[in-house]
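What follows is a short report on a single structure.
The values are calculated or read from the model by the stated rules, or taken from the named source; none is laboratory data. What you see is a predicted model, and the numbers here were worked out from it, not measured in a lab. Don't worry about glycine lacking a Cβ; one is built from the backbone with ideal geometry, like all the others, and counts go over all protein chains shown. Remember, those area values only see protein heavy atoms, side chains included, never the ligands or the DNA or RNA. Shrake-Rupley method; radii C 1.70, N 1.55, O 1.52, S 1.80 Å.
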Amino acid sequence: MKLATLKNGRDGELVVVSRDLTRAVRAADIAPTLQQATENWDAVSPTLESRYAELNAGKAEGAFDLDQSALHSPLPRTYHWADGSAYLNHVQLVRQARNAEMPETFWTDPLMYQGGGDKFLAPTEDIEAISEEHGIDFEGEIAVITDDVPMAVTPEQAAAHIKLVMLVNDVSLRGLIPGELAKGFGFFQAKPASAFSPIAVTPDELGDAWRDGRVHLPLTVHLNGEKFGEPQAGPDMIFNFPQLVAHAARTRYLGAGAIVGSGTVSNPDPDGGPGKPVADGGVGYSCLAEVRMVEKIQHGDSKTPFMRFGDRVRIEMFDREGKSIFGAIDQQVVKYQPR
């Protein structure tokens, strides 16, 4: 099943989307918003599935052509947004950029921070930034949405609470991160609003690409129209989504609609190197910080700039037949203008 949220009020309006992303039908009579659907998932999901089947069969009353620019992030806001960092190749590279050692515990205990969930960007909404000096970066990721998750669940138990999967652009201001982390209290100003893919899908929609709590497909990232990366999301994800959800719920409950992110998708080279750009025959990267660190390792200095006003990033995932699964996050960086 594929679900989305029309831009209609602060929390939007729930719609069911066809498998090929071309048609949609309203679902407010079943659940007005996706948040309410997650809160009553067992009760409403069978009816939503029936409407999804009708839509794909061309029999859904009131179906309309879908314009993805009319969609917000599936959850325009949420009570809980926690982002992991499950791809340790990415962790190693960005810590290297800060001259920070990577503790051995990172291989056994997931990294995670709690982001701001009060207002997400729509998938085609501009990224407003105050200054290019802040080091504006994109981060291509995958995330899951849960129903109510009890405290202290095991990973095996957590798997049953994962209801939807989507993509993320976890915007980062790299120039602010070192100063904030030096205070010993985590990210805040360095992590402005994130954006999510226009479509969220149930795990079964991914077929055999969803296994072991991971998505085994490449994540495609374009920067200003040029392919920047296509790393595989499955094999180098050290902690899978059930493990990340269980980690988030170790000492607290997660309310329905909680979002848990994977962290930046990242692959090392087969020979153990840090990864090559697409132009050099590698799978590339899902963020600028990685290519800058690789340049520093190989050439002594970082040449690739962070994002500038007018730059555009596109993040998307395709199935094995080349069809878009979640729709595209497609955003331009603009200078913030007080209103």
Using the Cβ atoms and a cut-off under 11 Å, what net charge is assigned to the surroundings of residue 90, where Lys and Arg are +1 and Asp and Glu are -1? -3
Rg/Rh over Cα atoms for the stretch 263-339, Kirkwood Rh, comes to 1.04
Just from its helices, what would the mean residue ellipticity at 222 nm be for the chain, if runs of 4 or more DSSP H residues each count -39500 (n - 2.57) and the sum is divided by every residue, rounded to the nearest 500 deg cm²/dmol? -5000 deg cm²/dmol
Filtered hits (aspartates and glutamates, Cα-Cα < 20 Å from residue 303, offset >= 8 within chain) -> 132, 133, 137, 139, 226, 280, 290, 295, 311
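Quick check on packing: order 154-161, 189-196, 80-87 by the mean number of other C-beta atoms within 10 Å, highest mean leading.
Details: 154-161: 16.5, 189-196: 22.1, 80-87: 24.1.
Highest-to-lowest ranking by the protection proxy: 80-87, 189-196, 154-161.
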Inter-part gap, Cα centre of the stretch 88-166 to Cα centre of the stretch 233-304, in whole angstrom, is 10 Å
Mean accessible area per residue over the chain (1.4 angstrom probe, all protein chains present, square angstrom) is 44 Å²
Would you mind telling me the share, in percent, of accessible area of the chain contributed by carbon and sulfur at probe 1.4 angstrom? 48 percent
Evaluate the charge dipole of the chain about its Cα centre and quote only its size in Debye, nearest 20, assuming +1 on the Cβ of each Lys and Arg and -1 on the Cβ of each Asp and Glu. 560 debye
Ranked from highest to lowest mean number of other Cβ atoms within 10 Å per residue, what is the order of the peptides 107-114, 8-15? 8-15, 107-114
Over the Cα atoms of the stretch 1-129, what is the Rg over Rh ratio if Rh follows Kirkwood? 1.11
Distance between the stretch 170-211 and the stretch 50-64 - C-alpha centres, whole angstrom: 33 Å
For each pair in 2/227; 227/276; 163/323; 119/323; 2/323, compute the distance between the two Cα atoms and list the pairs where it is over 20 Å. 2/227; 163/323; 119/323
Relative packing of 318-331, 58-71, which averages over residues the other C-beta atoms within 10 Å, highest first: 318-331, 58-71
Quick query: amide H of residue 237 versus all other amide H atoms, modeled in the peptide plane; which residues come in under 5 Å with a sequence gap of 5 or more or a different chain? none
